[in-house]
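**Student:** Below are the structure tokens for one structure; questions will follow.
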Amino acid sequence: MPQETIFSKIIRREIPANIVYQDDQVTAFRDINPQAPTHILLVPNKLIPTVNDVTAEDEQMLGRLFTVARRIAEQEGIAESGYRLLINCNRDGGQEVFHLHMHLVGGRPLGPMLKRA
Ligand code: AMP
């Protein structure tokens with residue numbers, strides 16, 4: 001069994017978080033260290049550590065991440081100005097919390113996608 005992270009406790013509402021959306025498959029809450037005016041994490045309720053662990057069984061839920069992202073972007077008023085969705089994987093991807101999550105970031109011009117190392 002993969003090891004739980006703080007995100008499982010947020011999903012079960014055992015620790016506080018600013019949850020903006022929750023259904024049977026996905027929970028979305030504001031990032032504790034926002035990088036832009038809108039910075040929301042969309043997290044599968046099921047513990048999947050990284051993108052390397054997704055399977056065909058997860059395809060419907062992964063699609064849900066996108067429809068929820070679209071809805072939240074509209075609610076945040078950034079759908080037209082634009083935003084970025086990103087998922088980090090493992091060390092080189094900069095992943096810190098090993099419970100798969102999609103960042104929804106926007107509310108300011110985000111600049112080029114990657115900084116040169
Ligand atoms: P990543 O580097 O893709 O694994 O991103 C992890 C993100 O989780 C970071 O942006 C953190 O600021 C965020 N984070 C960590 N702990 C919490 C928490 N308790 N509530 C909200 N966001 C968190």
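**Student:** Check which residues have an amide H placed less than 5 Å from THR27's amide H, if you skip close sequence neighbours.
**Tutor:** Distant-sequence amide H within range of THR27: VAL43, ASN45.
**Student:** Between ASN90 and ARG13, how many nm apart are label points set 7 Å from Cα along the C-beta direction?
**Tutor:** About 3.7 nm, to one decimal.
**Student:** For region 6-106, I need the span (max minus min coordinate) of the C-alpha atoms along each principal axis, in Å, sorted largest to smallest.
**Tutor:** In descending order, the Cα extents are 33, 27, 27 Å.
**Student:** Turning to a different aspect of this structure: Could you give me the ³J(HN,Hα) list for region 54-70, computed from phi with Karplus coefficients 6.51, -1.76, 1.60 and θ = phi - 60°, whole Hz, x at Gly and Pro?
**Tutor:** 6, 10, 4, 4, 8, 4, 5, 5, 5, x, 4, 4, 6, 5, 5, 4, 4
**Student:** With all protein chains present, calculate the accessible area of LYS9 using a 1.4 Å probe and round the result to the nearest 10 Å².
**Tutor:** Counting only protein heavy atoms, the figure is 80 Å².
**Student:** If Lys and Arg each add +1 and Asp and Glu each add -1, what is the summed charge of the other residues whose beta carbon sits under 14 Å from the beta carbon of SER8?
**Tutor:** Surrounding charge for SER8 is +2.
**Student:** Next up: Run lengths n ≥ 4 of DSSP H only: what is the helix-derived mean residue ellipticity at 222 nm for the chain, with -39500 (n - 2.57) per run over all residues, to the nearest 500?
**Tutor:** Numbers: 3 runs with 28 residues, N = 117.
Helices in the chain give a 222 nm mean residue ellipticity of -7000 deg cm²/dmol.
**Student:** In nm, to one decimal, how far is the modelled label at ALA79 from the one at MET113, with both set 7 Å along Cα→Cβ?
**Tutor:** 2.4 nm
**Student:** Follow-up. Can you give me the long-range amide H partners of GLN95? Hydrogens built in the peptide plane at 1.01 Å from N, cutoff under 5 Å, separation of 5 or more residues or another chain.
**Tutor:** Counting only residues 5 or more places away or on other chains, the set is CYS89, ASN90.
**Student:** Sticking with this structure for a sec: Quick one: which of 101-111, 51-61, 76-86 comes out on top by average Cβ neighbours within 10 Å, and what's the full order, highest first?
**Tutor:** Listed from highest to lowest mean packing, they are 101-111, 76-86, 51-61.
**Student:** Report the net charge of residues surrounding HIS39, where surrounding means a beta-carbon distance below 13 angstrom and charges are Lys +1, Arg +1, Asp -1, Glu -1.
**Tutor:** Within the 13 Å Cβ shell, the charges total +1.
**Student:** Working from the pairwise distances between different alpha carbons, so that the mean of 1/r is found and then inverted, what is region 12-51's Kirkwood radius in Å?
**Tutor:** 11.0 Å
**Student:** Here's a follow-up. At 0.36 nm per residue, minus the direct Cα-Cα distance, what do VAL54 and THR5 gain on full extension? Give it in nm, one decimal, please. Spell out each step's value before the answer.
**Tutor:** Working: separation 49, 0.36 × 49 = 17.64 nm, distance 1.71 nm.
Computed gain between VAL54 and THR5 is 15.9 nm.
The values are calculated or read from the model by the stated rules, or taken from the named source; none is laboratory data. On a predicted model such as this, the values are computed, not experimentally measured, just so you know. Note that each Cβ is placed from the backbone with ideal geometry, even for glycine, and that neighbours are counted across all protein chains shown. Heads up: the accessible areas ignore ligands, DNA and RNA and are worked out on the full protein's heavy atoms, side chains in. Shrake-Rupley method; radii C 1.70, N 1.55, O 1.52, S 1.80 Å.
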